[in-house]
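Below: the structure, in structure tokens.
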Amino acid sequence: MLALMMLLQTARQTLSTAANLLRDPLDPDRPQPLDKDLVQLLAPIFDAILLRYFRGEVHGLERMPSGPALLASNHNAGITSFEPLLLGWLYHKHMGGDDALHYLAHDIMVDTPIMGQLLVRLGSVRACHGAGDRVLAEGRKLLVFPGGNYEAFRPFWQRHQVDFHQRTGFARLALRQRVPIVPVLSLGGHETLMILHRGETLARLLGAKRWLRSDSFPLFLGLPWGLCAGPMFHLPLPAKLLVEVGEPISLDDYPEGAEDDPEILQEVSQRTEAAVQALMDARSAERRPFIG
């Protein structure tokens, strides 16, 4: 009877939270304070999914600098990526609820009813330069994925290859705000499904760049669909997830206005990509596919 009453109370809290997400929407273009009541409500779910189902681990949190910083990570698992949530959850535990971590998230994620507001209250902001500037200007930490959908939909056999696709926007943002870049490894998510092809030609034919902001329209094997095409959510296999925070890269030696120098931007981008790849090479050698 006690267990039933607790279950009913949890269900009421969950329904009340969902109603609040719809009734009091927050602006996804501006960083919001972490909703600690929501975090507390979801804590058992986070522990069950991230720490037990995925056996998630985060290493190197002691390397995280104090104050504002831009965290740059490789991107995995299409649009069903759990490594960012794992990092955010264990960082939250490590910091005792202070110094919240924010994420740049795709329009689809933050504009989806309920889920979008859930993400915003947990630290997500829309993936645009203005939102990133606001997060760092307020002295907070921001996690970005420079490779975007191009890297997130890379074929399975390239899962241990970090590819920022020569993008430099994150480097410009860090230089403009004069904050360090922290390389972050995400490992395991690309084993929760099997991407067969990135689907760039199909994306162009379908105009996916216009209506999905995506250069890819992937072909993949994943649950519950089996063989599927497009940037679809999937039910992830229980691959072991690992996140590692690397040594911060200081940008103090670069001159004022460096954010407008294409050569410096490429240098910073390549330097960050190489740091993440070094973490990948060290950790991926220890893994077995799917099992981790």
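Summary table
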item: 3J(HN,Hα) from dihedral phi, the stretch 200-215, Karplus parametrisation 6.51/-1.76/1.60, rounded to Hz, x for glycine, proline; result: 5, 5, 4, 4, 5, 5, 8, x, 4, 4, 6, 9, 10, 6, 9, 8
item: C-alpha center-to-center spacing [the stretch 218-266, the stretch 69-115] in angstrom; result: 11
item: Nearest-20 debye value, the chain charge dipole, Cβ charges on Lys, Arg, Asp, Glu; result: 1020
item: For the stretch 93-228: accessible area per residue (Å², 1.4 Å); result: 41
item: Tensor-based shape of the stretch 51-106 (alpha-carbon gyration tensor, a/c under 1.5 rounded, otherwise prolate or oblate); result: oblate
item: Global form of the chain, assessed from the alpha-carbon gyration tensor, a/c cut-off 1.5; result: rounded
item: Net charge of neighbours whose Cβ lies under 14 Å from the Cβ of Pro180, counting Lys and Arg as +1 and Asp and Glu as -1; result: +3
item: Sequence-separation-based contact order of the stretch 80-138, relative, with Cα cut under 8 Å and 6+ spacing, percent; result: 28
item: Label point 7 Å beyond Cα of Ile108 along Cβ direction - residues of the stretch 168-192 with amide nitrogen under 20 Å; result: 189-192
item: Calculated FRET value between Glu267 and His165, using beta carbons and R₀ = 22 Å, to 0.05; result: 0.85
item: Protection-proxy order for peptides 42-54, 180-192, 144-156, each taking the mean of Cβ atoms within 10 Å per residue, highest first; result: 180-192, 144-156, 42-54
item: With every protein chain in place, the chain: carbon and sulfur % of accessible area (1.4 Å); result: 60
item: Mean Cβ neighbour count within 10 Å, used as a protection proxy, ranking 261-268, 104-111 highest first; result: 104-111, 261-268
item: Under 28 Å from the Cα of Lys141 - lysines, other chains or at least 8 residues apart; result: Lys36, Lys93, Lys240
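The values are calculated or read from the model by the stated rules, or taken from the named source; none is laboratory data. From a predicted model like this one, the values you see are computed outputs, not experimental measurements. Positions of Cβ are generated from backbone atoms using ideal geometry, with glycine treated the same way; all protein chains shown enter the neighbour counts. SASA here: full protein model, heavy atoms, side chains in, ligands and nucleic acids out. Shrake-Rupley method; radii C 1.70, N 1.55, O 1.52, S 1.80 Å.
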